[in-house]
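Novice: First, the structure itself, so that you have it in front of you.
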Amino acid sequence: QVQLVESGGGLVQPGGSLRLSCAASGRFVSIDAMGWYRQAPGKQRDVVAHITSGGSINYADSVKGRFTISRDNAKNTVYLQMNSLKPEDTAVYYCNIHAMPWYGNPPEDYWGQGTQVTVSS
């Protein structure tokens, strides 16, 4: 079993900052990609930022220049630093990892429980 524990969400005023963290634990051999997704009410879940084991990073156009994704492989943790937050960033943010559960098994996707980010004055 793989568990993802997210933290760092909350209420922030427009222009403010938050830092999300997601720590992976349990049984897995290795983690390939790690990422953050978000889902606003009535909308589909979309990718926000994505980082591979090799360090390649991609961002959604809407967050480029404001959000920064990073990972600490020793701690199996991925972070999302969110600056200059806007009301349209309000959503539930989900952590995702693409990990190999055991030797010889194909990689699988695992999801965190989600953390609410609300940007409002």
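The values are calculated or read from the model by the stated rules, or taken from the named source; none is laboratory data. Computed from a predicted model, the values in this text were never measured in an experiment. Here Cβ is always computed from backbone atoms with ideal geometry, including for glycine, and neighbour counts include all displayed protein chains. The accessibility values were calculated without ligands, DNA or RNA, using every heavy atom of the protein model including side chains. Shrake-Rupley method; radii C 1.70, N 1.55, O 1.52, S 1.80 Å.
Novice: Taking the simple approach of a point 7 Å from Cα along Cα-to-Cβ for both Val5 and Glu88, what is their distance in nm?
Specialist: Here the answer is 3.6 nm between the modelled labels.
Novice: Please report the carbon-and-sulfur percent of the accessible area for the chain; probe 1.4 Å, protein heavy atoms only, DNA, RNA and ligands left out.
Specialist: 48 percent
Novice: Sticking with this one: State which stretch of the chain is the longest one without any exposed chymotrypsin sites (Phe, Trp or Tyr not before Pro), exposure meaning a DSSP loop state and at most 12 other Cβ atoms within 10 Å. Intermediate results must be reported in sequence, preceding the final value.
Specialist: Details: sites that count: Trp102, Tyr103.
So the longest stretch without any such site is 1-101.
Novice: Starting at the first residue of the range 19-32, write each ³J(HN,Hα) from the Karplus equation 6.51 cos²θ - 1.76 cosθ + 1.60 with θ = phi - 60°, in whole Hz, x for Gly and Pro.
Specialist: The phi angles translate into 10, 9, 10, 9, 10, 9, 9, x, 9, 7, 7, 7, 10, 8 Hz.
Novice: Please work out how much accessible surface Ser56 shows to a 1.4 Å probe, ignoring ligands, DNA and RNA, in Å² rounded to 10.
Specialist: Here the accessible area works out near 70 Å².
Novice: Need the list of lysines near Lys43 for cross-linking: C-alpha distance under 18 angstrom, and skip anything on the same chain fewer than eight residues off.
Specialist: Cross-link targets: Lys86.
Novice: Sticking with this one: Work out the charge dipole of the range 1-115 with +1 on the Cβ of Lys and Arg and -1 on the Cβ of Asp and Glu about the Cα centre, then indicate which of Tyr103, Pro87, Thr115 is farthest towards its positive end.
Specialist: Value computed over the given set: Pro87.
Novice: Given labels modelled 7 Å from the Cα in the Cβ direction, how far is it in nm from Gln13 to Arg45?
Specialist: In this crude label model, Gln13 to Arg45 measures out at 3.3 nm.
Novice: While we're looking at this one, here's another question. Under 19 Å Cα-Cα from Lys64, which aspartates and glutamates qualify once same-chain neighbours fewer than 8 residues away are excluded?
Specialist: Cross-link targets: Asp46, Glu88, Asp89.
Novice: Quick one: Karplus J couplings for the range 90-96, per residue in order, coefficients 6.51, -1.76, 1.60, θ = phi - 60°, nearest Hz, x for Gly and Pro?
Specialist: So the J values, rounded to whole Hz, are 4, 4, 8, 9, 10, 8, 9.
Novice: Can I ask one more? Exposed loop sites here are trypsin sites (Lys or Arg not before Pro) in DSSP loop states with at most 13 other C-beta atoms within 10 Å. What is the longest stretch of the chain lacking them?
Specialist: In short, 65-121.
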